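Here is the structure we will look at.
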Amino acid sequence: MSTPAHRKTEKGEARMSREEILRKNKQYIFSCVTNFYTDPLVADHAKGQYVWDSEGNRYLDFFGGILTISVGHANPNVTGKIKDQIDRLQHASSVYPTAQAVELAEKLAQITPGKIQKSFFTNSGTEANEAAVLVARMATGSFDIVALRHGYSGHSQLTKSLTAMAPWRKSGVISVGVSHALNPYCYRCPLGMTYPSCGVACANDVEDVIRTATSGSIAAFLAEPIQGAGGFITPPKEYFKLVFNIVKKYGGLFIADEVQTGFGRTGKKWFGIEHWEVEPDIITCAKGMANGVPIGATLATPEVADGFKGLTISTFGGNPVTAVAARATIEVIEEEKLIENADKAGNHFRHKLEELQQKHALIGDVRGMGLMQGLELVKDRKTKEPAPAETNQFMERSRSNGLLIGKGGLYGNVIRLSPPLNISLNDVDEAVRLMDKSLSEMRN
Ligand code: PMP
């Protein structure tokens with residue numbers, strides 16, 4: 001029914017007005033689900049590298065729905081296959097094997113590093129991490145998990161306890177069997193040291209934590225190769241190898257949470273952890289895996305996967321539509337050489353961001369890999385005092401200038417940049433121009 005609060009699309013369908021959407025959002029959605037911007041942006045439609053809001057404004061999208069849009073919005077090579085699959089078989093559940101689920105699992109076995117070969121499909125990154133911890137505990141017979149400070153692992157009870165940033169762990173989160181080691185945050189070294197003269201001393205904290213805060217043997221160490229929500233914190237190249245050896249010494253499995261770093265995001269490799277030359281026992285993924293279709297996967301070596309005791313089920317896990325979407329996304333990444341593009345466009349982007357840093361004192365640090373680049377904003381480069389208010393202003397200005405960027409970090413002062421992997425150098429230049437404009441306007 002059309003009311004004054006509704007407007008019509010070109011096709012004559014009734015659509016809610018922006019005001020109505022925002023009112024209902026406040027009235028009917030949990031208020032813990034935060035939105036960006038003081039005046040939230042109501043997303044209406046998207047194509048390629050662009051998103052349009054409900055008022056028809058177009059934005060260049062350099063956040064990609066939180067690192068999820070890998071191959072551009074509404075990519076026809078993905079949406080076409082989804083549409084065909086919906087008409088053929090929308091759902092069967094995991095009690096019936098399907099060609100779509102096993103083809104995806106086979107493809108994943110081909111692109112994952114080391115001996116990883118088996119998949120357990122779910123619907124989100126949270127579930128992927130839940131399953132990873134569960135199977136690690138079953139396969140090793142140990143209980144303790146070591147995760148990293150500033151990490152983010154999901155929205156469930158367990159994954160919130162793996163998360164180590166207070167705003168995401170408020171009241172009600174019970175952490176049993178999870179301990180957190182210092183993270184390799186070179187810009188704000190938790191040990192007050194400087195790389196490389198530090199000898200990557202932070203890695204030893206994993207051993208200290210195991211010896212002091214666990215039973216002395218662990219089920220797993222879980223970490224994001226680059227901490228995403230934590231603010232694109234990128235460990236030095238030696239870090240994960242050192243940690244891997246410690247984890248193995250205490251009988252643990254190595255879980256790489258590739259929810260943000262997987263599927264070519266970091267350039268050159270399919271998975272972020274490959275840059276550190278470590279072969280994980282388990283990889284968890286979601287987000288960019290299916291270009292926005294909800295899917296999660298826990299990928300493991302046969303030995304670990306077959307250590308799962310008893311039965312389990314995920315009704316929607318391996319759903320034929322989401323499985324087809326993921327395989328189509330992986331095929332686009334392969335066929336269009338987007339891992340190479342993430343490296344090439346990422347290097348170009350990084351160079352431009354470093355130039356921007358020279359021009360604007362607010363940018364204290366530039367970090368990341370491939371098309372996962374972060375800017376840490378500080379009030380003063382010497383004191384490194386975080387600049388969360390300026391980060392918000394930068395977000396608002398960029399939006400007014402037609403650019404979508406993300407935000408993160410424990411102190412709310414890290415800009416997260418993650419365009420689609422098929423972004424062109426021209427679009428990168430345009431995004432940097434808009435960021436430069438936005439930062440210059442803030443000084444006036
Ligand atoms: N792990 C990481 C590294 C993430 O960034 C996220 C989501 N931000 C999750 C897990 C949880 O994924 P989801 O929101 O799909 O449950």
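Using Cβ point charges alone (K and R +1, D and E -1), the dipole size of the chain about the Cα centre works out to roughly 760 debye. A convex hull fitted to the Cα coordinates of region 166-248 yields 110 cubic angstrom per residue.
Remark: accessible surface ordering of Leu404, Leu134 (largest first) is Leu134, Leu404, probe radius 1.4 Å. Note on the chain: antiparallel DSSP beta bridges, both residues inside, total approximately 70 percent of the bridges counted. For region 310-444, the Stokes-Einstein estimate of translational diffusion at 10 °C and a viscosity of 1.306 mPa s comes to 96 µm²/s, using the Kirkwood hydrodynamic radius over alpha-carbon pairs. Look at the dipole of the chain built from charges on Cβ: of Gly228, Gly262, Leu22, the Cα furthest out on the positive end belongs to Leu22. Taking Arg88, Arg443 and ordering them by how much accessible surface each has at a 1.4 Å probe, largest first, produces Arg88, Arg443.
Where in region 255-283 is the amide nitrogen less than 20 Å from a point lying 7 Å along the Cα-to-Cβ axis of Lys249? The answer is 255, 277-281, whose backbone nitrogens lie closer than 20 Å to the label point. Taking the square roots of five times each eigenvalue of the Cα gyration tensor of region 328-390, the equivalent ellipsoid has semi-axes of 32, 12, 7 Å, listed largest first.
Each residue, Asn57 and Ser217, gets one label point 7 Å from its Cα in the Cβ direction; the gap between the two is 5.9 nm. Here the simple spin-label model places points 7 Å from the Cα toward Cβ, and for Glu303 and Gln90 these points are separated by 4.4 nm.
Place a point 7 Å from the Cα of Glu441 along the Cα-to-Cβ direction; which residues of region 365-397 have their backbone N under 16 Å from it? Under 16 Å, as judged by backbone N against the label point of Glu441, lie 390-397 of region 365-397. Here r is the Cβ-Cβ distance between Ala201 and Ala361 and R0 is 30 Å; the resulting FRET efficiency, rounded to 0.05, is 0.50. Near Gly307, once Lys and Arg are set to +1 and Asp and Glu to -1 for all other residues with Cβ below 15 Å from its Cβ, the sum equals +1.
With Cβ to Cβ distances under 13 Å as the rule, what net charge do the other residues near Leu148 carry (K, R +1; D, E -1)? Net of charged neighbours comes to -2. In the complete set of protein chains, residue-level accessible area for Glu106 is approximately 110 Å², probe 1.4 angstrom.
When the square roots of the Cα gyration tensor eigenvalues are ordered a ≥ b ≥ c, the ratio a/c for the chain is 1.5 or more and a/b does not exceed b/c, which makes its shape oblate. Of the solvent-accessible surface of region 75-190, computed with a 1.4 Å probe over protein heavy atoms with every protein chain present, carbon and sulfur atoms account for 55 percent. Whole-percent P(r), region 41-109, all Cα pairs, 10 Å bins from 0: 17, 34, 30, 17, 2. Look at the alpha carbon pairs under 8 Å that are at least 6 residues apart: their mean separation over the length of the chain gives a relative contact order of 20 percent. Quick note on region 76-335: its Rg to Rh ratio, both from C-alpha atoms and Rh being the Kirkwood radius, is 0.98.
Averaging the Cα positions of each part gives two centres, and for region 370-444 and region 254-291 these lie 24 Å apart. For the pair Asp44 and His348, a Förster radius of 45 Å applied to the C-beta separation gives a FRET efficiency near 0.90, rounded to the nearest 0.05. Membrane-span-like helices of the chain, defined as complete DSSP H segments with a Cα extent of 20 Å or more along the helix axis and a mean Kyte hydropathy of at least -0.5, are identified as 125-140, 320-335. What is the sum of charges around Lys287, taking Lys and Arg as +1, Asp and Glu as -1, for the other residues whose C-beta is under 14 Å from the C-beta of Lys287? With Lys, Arg at +1 and Asp, Glu at -1, the neighbours total -2. In the full protein context, the chain carries 45 Å² of accessible surface per residue, based on a 1.4 Å probe and ignoring ligands, DNA and RNA.
Summarised as an ellipsoid, region 20-151 has semi-axes of 33, 24, 16 Å, derived from the eigenvalues of the Cα gyration tensor scaled by 5 and square-rooted, with the largest first. Among DSSP beta bridges lying fully in region 76-335, give the percent that are antiparallel, nearest 5. Antiparallel bridges: around 40 percent, rounded to the nearest 5. Taken about its Cα centre, region 76-335 carries a charge dipole of roughly 440 debye when the Cβ of each Lys and Arg holds +1 and the Cβ of each Asp and Glu holds -1.
The values are calculated or read from the model by the stated rules, or taken from the named source; none is laboratory data. Please read these numbers as outputs of a predicted model, since none were measured by experiment. Every residue, glycine among them, receives a Cβ derived from its backbone with ideal geometry; neighbour counts consider all protein chains shown. Protein only, heavy atoms only, side chains kept; ligands, DNA and RNA dropped before computing areas. Shrake-Rupley method; radii C 1.70, N 1.55, O 1.52, S 1.80 Å.
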